[in-house]
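Participant: For reference, the structure I am asking about is given below.
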Amino acid sequence: MRVGGYVIHLARAVERRAIVDHLTATFPFRCHVLDAVDGRALDDVALMRQVSTAPLFDPPYPFPLGKGEIACFLSHRLAWARIVESGDDFGFVAEDDLGLSSAFRAALDLALRHATVADYVSFQTRPLRGAADTLAEDGAVRLVRPVLPPLRTSAQLVGREAAARLLAASERFDRPVDCLLQMVWLTGQRMLVVEPSGVSDLTTLIGGSTAQSKRRKSAWEEAVRTVRRMLYRRRIAGLARGKGDA
């Protein structure tokens, strides 16, 4: 079994370089630093080339995509393409705000023992919520298939066939990468989660996200966004359960 590692790193985020160096030195497989797409460095035409401003899927995503979110999606597509091109069985894709604990190796070992090249295994930074079928266990670690895949793409083990499938499903996109990954009824991709994952999110310790807009929103804007987000997630959860509108 061959595994390659990819740490997605934005070159101008110099405060994250120490984390990147630690990850590449710690992962138990050869690891590459993958230059992230920089939304600030691309003109609007280049950035929007694969983005649809009209809804592609139901339910429509309720917010316009920011440049950082678009760049994040394009960066993950670059990682998927590298996995396919490498010929490796799996690629482990990590973002550059990731922390590792001693539990990581057990989680990785369980995932590698039971996942196939057609699987996508998420290593979440938060406990999984909602229903899930347990596929394998080893001590305190378990590999599960959730009814609704969780958001966030901090770290994941991506099989070669899964990477090819996701590339085909995202030639054009209209929502953030983690939101599309939830829509398994559209992508046909089996999404698994291993927990505890042994990974943590260091974003708040290193100055915040590079994908989100820094513009402060008014109280009214925040309230409207909260309602729209709630309604959207309710629809997604209903579709994941096969019940249409929840």
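Participant: Given ASP109, ASP38, which one is assigned to a loop (DSSP other than H, G, I, E, B) and outside the structural domain of GLY238 (by TED's automatic domain parsing)?
Facilitator: Going through ASP109, ASP38 in turn, the sole match is ASP38.
Participant: Pick from THR204, THR210: which is of a type outside the set (D, E, K, R), assigned to a loop (DSSP other than H, G, I, E, B), modelled with pLDDT under 95 and in the same structural domain as PHE104 (by TED's automatic domain parsing)?
Facilitator: Result: THR210 is the single residue among THR204, THR210 that is of a type outside the set (D, E, K, R), assigned to a loop (DSSP other than H, G, I, E, B), modelled with pLDDT under 95 and in the same structural domain as PHE104 (by TED's automatic domain parsing).
Participant: What pairs can you find where one residue is in segment 111-123 and hydroxyl-bearing (Ser, Thr, Tyr), the other is assigned to a helix (DSSP H, G or I), and their Cβ atoms are less than 7 Å apart, with a gap of 6+ or different chains?
Facilitator: Note: pairs meeting the criteria are TYR120/ALA162.
Participant: For LEU151, which of the numbered conditions (1) within 24 Å of THR24 (Cα to Cα); (2) part of a loop (DSSP other than H, G, I, E, B); (3) among the hydrophobic types (A, V, I, L, M, F, W, C) fails to hold?
Facilitator: (1)
The values are calculated or read from the model by the stated rules, or taken from the named source; none is laboratory data. A quick note: this is a predicted structure, and the numbers were derived from the prediction, not measured. Cβ: placed from backbone, ideal geometry, glycine included. Neighbour counts: every protein chain shown.
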